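Below is one structure; the comments refer to it alone.
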Amino acid sequence: MAFVREYSPSDITRADIDAGSGWVMLEFGTGWCGHCSAAQPLLQKFLGGYDATHLKVEDGKGRPLGRSFAVKLWPTVILLRDGREIARAVRPHERDDLAPLIDALERGQ
């Protein structure tokens with residue numbers, strides 16, 4: 001999976017995500033968020049080991065995609081397969097925080 005460096009304002013809708021296929025790693029956050037910046041080296045290393053699409057979505061007040069996934073803290077990383085949420089990690093700081101994502105990918109759910 002290629003690591004995406006910048007959060008992008010996105011016009012992707014929840015319907016687009018739900019209709020997706022394959023593995024998708026959906027990361028919500030912002031470029032100015034200290035927690036998001038601190039998590040980037042960990043996420044970059046993690047994401048390099050798996051075959052999935054990485055979508056890095058700028059989140060905030062009034063952004064419907066983040067609200068549709070009940071995102072409250074940044075970064076929130078959601079693993080989807082064929083448009084269905086499989087696992088998530090919120091404010092990961094170390095590899096153990098990514099365990100739900102790693103387990104799901106390795107099981108190939």
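So, in the range 2-21, exactly how many residues are touching a Ser or Thr at 6+ places or on another chain (Cβ under 7 Å) and either within 17 Å of ARG91 (Cα to Cα) or in a loop (DSSP other than H, G, I, E, B) (or both)?
Quick first cut of the range 2-21, residues touching a Ser or Thr at 6+ places or on another chain (Cβ under 7 Å) only: 7, 14.
Within this subset, residues satisfying the condition of being either within 17 Å of ARG91 (Cα to Cα) or in a loop (DSSP other than H, G, I, E, B) (or both) are 7.
Matching residues across the range 2-21 total 1.
What number of residues in the range 42-52 are surrounded by 13 or more Cβ atoms within 10 Å (Cβ to Cβ) and part of a loop (DSSP other than H, G, I, E, B)? I'd like the intermediate steps shown before the answer.
Filtering the range 42-52 for residues surrounded by 13 or more Cβ atoms within 10 Å (Cβ to Cβ) gives 42-44, 46-47, 50, 52.
From the residues that got through so far, the ones that are part of a loop (DSSP other than H, G, I, E, B) too are 50, 52.
Number of matching residues: 2.
Taking the conditions exactly as written (without any contact (Cβ under 8 Å) to a residue 40 or more places away in the chain, small (Gly, Ala, Ser) and out of contact with any Cys (no Cβ under 8 Å at 6 or more places or on another chain)), does GLY48 satisfy them or not?
Details: without any contact (Cβ under 8 Å) to a residue 40 or more places away in the chain: no; small (Gly, Ala, Ser): yes; out of contact with any Cys (no Cβ under 8 Å at 6 or more places or on another chain): yes.
So GLY48 fails the test.
Under the condition of being among the hydroxyl-bearing types (Ser, Thr, Tyr) and under 23 Å from ARG95 (Cβ atoms), which residue from the range 53-77 is surrounded by the most Cβ atoms within 10 Å (Cβ to Cβ)?
First, the residues of the range 53-77 that are among the hydroxyl-bearing types (Ser, Thr, Tyr): 53, 68, 76.
Subsequent filtering for residues that are under 23 Å from ARG95 (Cβ atoms) retains 53, 76.
Working: THR53: 15, THR76: 22.
Among residues in the range 53-77 that are among the hydroxyl-bearing types (Ser, Thr, Tyr) and under 23 Å from ARG95 (Cβ atoms), the one surrounded by the most Cβ atoms within 10 Å (Cβ to Cβ) is THR76.
Condition check: buried (at least 18 other Cβ atoms within 10 Å of the Cβ), within 25 Å of THR30 (Cβ to Cβ) and in contact (Cβ under 8 Å) with a residue 60 or more places away in the chain. Does LEU101 satisfy that? Before you say what the answer is, go through the steps one by one.
Values: buried (at least 18 other Cβ atoms within 10 Å of the Cβ): yes; within 25 Å of THR30 (Cβ to Cβ): yes; in contact (Cβ under 8 Å) with a residue 60 or more places away in the chain: yes.
Criteria met by LEU101.
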Only unsatisfied item for TRP32, checking (1) in a loop (DSSP other than H, G, I, E, B); (2) surrounded by 12 or more Cβ atoms within 10 Å (Cβ to Cβ); (3) modelled with pLDDT of 90 or more, is (2)
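Let's see how each residue does on (1) within 20 Å of PRO9 (Cα to Cα); (2) of a type outside the set (Gly, Ala, Ser); (3) part of a strand (DSSP E or B); (4) out of contact with any Gly (no Cβ under 6 Å at 6 or more places or on another chain):
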{"site": "GLN40", "(1), (2), (3), (4)": "yes, yes, no, yes"}
{"site": "HIS54", "(1), (2), (3), (4)": "yes, yes, yes, yes"}
{"site": "LYS61", "(1), (2), (3), (4)": "yes, yes, no, yes"}
{"site": "GLY66", "(1), (2), (3), (4)": "yes, no, no, yes"}
{"site": "VAL71", "(1), (2), (3), (4)": "yes, yes, no, yes"}
{"site": "LEU79", "(1), (2), (3), (4)": "yes, yes, yes, yes"}
{"site": "HIS93", "(1), (2), (3), (4)": "no, yes, no, yes"}
{"site": "ALA99", "(1), (2), (3), (4)": "no, no, no, yes"}
{"site": "ALA104", "(1), (2), (3), (4)": "no, no, no, yes"}
Of the residues in the range 21-41 that are without any contact (Cβ under 8 Å) to a residue 40 or more places away in the chain and under 12 Å from the mean Cα position of the chain (by Cα), the one that is nearest to ASP59 (Cα to Cα) is CYS36
So, LEU79, is that one touching a helix residue (DSSP H, G or I) at 6+ places or on another chain (Cβ under 8 Å), under 21 Å from ARG107 (Cβ atoms), of a type outside the set (Val, Ile, Thr) and modelled with pLDDT of 95 or more or not? yes
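The values are calculated or read from the model by the stated rules, or taken from the named source; none is laboratory data. Remember, it's a predicted structure, so these values are computed and weren't measured experimentally. Neighbour counts are summed over all protein chains in view; Cβ atoms, including those assigned to glycine, are modelled from backbone coordinates with ideal geometry.
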